[in-house]
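> To start, I am sharing the structure in question, which I have written as structure tokens.
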Amino acid sequence: MKISPSILSADFGNLSEDVKKVSLGGADYIHCDIMDGHFVPNLTMGPMIIEAVKSATDVPLDIHFMVEDIPFFIDMYKHLEPEFISFHIEEEKHINRVIQKIRNLGIRPSVVLNPATPVCLLDYIVADVDMVLLMSVNPGFGGQKFIPSVIDKVKELRELAEKKNPDLLIEIDGGVNDKNAPLLKDAGADILVAGSFVFKHKSYEEAIKALR
């Protein structure tokens, strides 16, 4: 199991130190939630903040766009060379075009589904992406309660992936903790995004170990 702590829950007054601590604590990726105040009712961090994050760690970045005009944001953040760029299929009309745009930059493309968005919408694109991010809360704010029905959704996606893209990574984001982590693993998840559970814990290393 890979762990991708979400800096949305970090202390932004000491962001560099928090990123360093979580990296030393065993993070596999650093999850960066980019929100524009339009696709979701929150506004988070711009490229200058993510540049500071990147300079504080050698851990690969995992960028999650919750935005309108996705190609515009890809161009704004591409110089950061993240491991993944994830975007919501609910927002994008030309999904294959955006997937190819990301891949042509040497970045691994990923698509995101909101909790109520069905897995069947991935039938014709799941073979073209490296990862699918399933939201287990409604996006926009950290600290929300995990939606249990997402566990069955993970199972459904894993079955689809076995048929069309066996190497697909499944990432879960929202309300993840040490109680639901084993259930998500058994369902077929590969990467857990955790914000509050990691950054509100007295020891980032212990929190990451508990999830793993």
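> List every residue pair whose Cβ atoms sit under 8 Å apart, with the two residues 6 or more apart in sequence or on different chains, where the first one lies in segment 157-173 and is over 21 Å from Y29 (Cβ atoms) and the second, anywhere, is assigned to a helix (DSSP H, G or I) and aliphatic (A, V, I, L, M).
L160/V119; L160/L122; L160/V126; K164/V126; K164/A127
> So, one more: Only one residue in I70, I95, I107 is touching an Asp or Glu at 6+ places or on another chain (Cβ under 6 Å) and of a type outside the set (S, T, Y), so which one is that? So that I can check it myself, show each step before the final result.
Details: I95 fails: touching an Asp or Glu at 6+ places or on another chain (Cβ under 6 Å); I107 fails: touching an Asp or Glu at 6+ places or on another chain (Cβ under 6 Å).
Residue meeting the stated conditions: I70.
> A further question follows. Being surrounded by 15 or more Cβ atoms within 10 Å (Cβ to Cβ), of a type in the set (A, V, I, L, M) and over 20 Å from L133 (Cβ atoms) is the requirement here; does V19 meet it?
yes
> To continue, here is another question. When the residues of segment 42-60 are filtered to those that are in contact with a helix residue (DSSP H, G or I) (Cβ under 6 Å, 6 or more places away or on another chain) and β-branched (V, I, T), which remaining residue is farthest from S16 (Cα to Cα)?
V59
> Say whether the condition of being crowded, with 17+ Cβ neighbours inside 10 Å, within 16 Å of the chain's Cα centre (by Cα) and either of a type in the set (A, V, I, L, M, F, W, C) or at pLDDT below 95 (or both) is met by at least one residue in segment 116-127.
Looking through segment 116-127, none of the residues is crowded, with 17+ Cβ neighbours inside 10 Å, within 16 Å of the chain's Cα centre (by Cα) and either of a type in the set (A, V, I, L, M, F, W, C) or at pLDDT below 95 (or both).
> Could you give every pair whose Cβ atoms fall below 9 Å, whose first residue belongs to segment 38-50 and is over 19 Å from A10 (Cα atoms), and whose second residue is aromatic (F, W, Y) and surrounded by 17 or more Cβ atoms within 10 Å (Cβ to Cβ), counting only separations of at least 6 or pairs across chains?
If the second residue must be aromatic (F, W, Y) and surrounded by 17 or more Cβ atoms within 10 Å (Cβ to Cβ), the pairs left are F39/F65.
> I would also like to ask the following. Can you tell me which condition H31 does not meet? The list is (1) outside any loop (DSSP other than H, G, I, E, B); (2) in contact with a strand residue (DSSP E or B) (Cβ under 9 Å, 6 or more places away or on another chain); (3) free of Cβ contacts under 8 Å to residues at least 60 places away in the same chain, and all the others hold.
That leaves (3) as the condition not met.
> Would it be correct to say that G143 is outside any helix (DSSP H, G or I) and modelled with pLDDT under 95?
So G143 passes the test.
The values are calculated or read from the model by the stated rules, or taken from the named source; none is laboratory data. Treat the numbers as computed from the prediction; the structure is a model and nothing was measured. Using ideal geometry, Cβ is built from the backbone for each residue, glycine included, and neighbour counts are taken over all protein chains shown.
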